[in-house]
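Reviewing the structure listed below.
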Amino acid sequence: MKSNETSNHTGCILEEEGGLTLGELCRACAVHAEHIIELVDEGVLEPAGIEATQWRFSGVCVHRVNVVVRLQRDLGVNLAGAAVILDLMEEIRQLRGQLNRLE
């Protein structure tokens, strides 16, 4: 990009917009709906709504899907392993937060 060109980016804060539908999450993460459904079945994602047509996903889900995709692609981790890794990463994040509050 030349220095005199500008780039316009638009976005939204997902929690204020009611979250992403299944299709929107698929497009945001460049994955097929079947993969998202597997992540829900495995407990990696917890959408609001009962049926897939009603599901709404938070912005955190975009991050979780992208992490799982990278773990599977780059390290060959299976879905169950990716779920455990995500849980451990979240626990580490929480523990670091607690530690920072104590300091």
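Observations
- Residue that is least open to solvent (accessible area, probe 1.4 Å), among those in the stretch 43-59 that are small (Gly, Ala, Ser) and either within 13 Å of Leu79 (Cα to Cα) or touching a residue at least 24 places away in the same chain (Cβ under 8 Å) (or both): Gly59
- Within the stretch 23-34, being surrounded by fewer than 17 Cβ atoms within 10 Å (Cβ to Cβ) and out of contact with any helix residue (DSSP H, G or I) (no Cβ under 6 Å at 6 or more places or on another chain) holds for Gly23, Glu24, Arg27, Ala30, His32, Glu34.
- Residue match in the stretch 84-96 (condition: touching a helix residue (DSSP H, G or I) at 6+ places or on another chain (Cβ under 7 Å) and either surrounded by 12 or more Cβ atoms within 10 Å (Cβ to Cβ) or assigned to a helix (DSSP H, G or I) (or both)): yes
- Options Val67, Val62, Val77, Val40: the member that is surrounded by 12 or more Cβ atoms within 10 Å (Cβ to Cβ), assigned to a loop (DSSP other than H, G, I, E, B) and modelled with pLDDT of 95 or more: Val77
- In the stretch 37-71, of all residues being touching a Gly at 6+ places or on another chain (Cβ under 9 Å) and not small (Gly, Ala, Ser), the one that is farthest from Glu24 (Cα to Cα) corresponds to Leu71.
The values are calculated or read from the model by the stated rules, or taken from the named source; none is laboratory data. Source: prediction; values computed, not measured. Positions of Cβ are backbone-derived with ideal geometry, glycine not excepted, and every protein chain shown enters the neighbour counts. Each accessible area value is taken on the protein alone, full model and side chains, heavy atoms only, with ligands, DNA and RNA left out. Shrake-Rupley method; radii C 1.70, N 1.55, O 1.52, S 1.80 Å.
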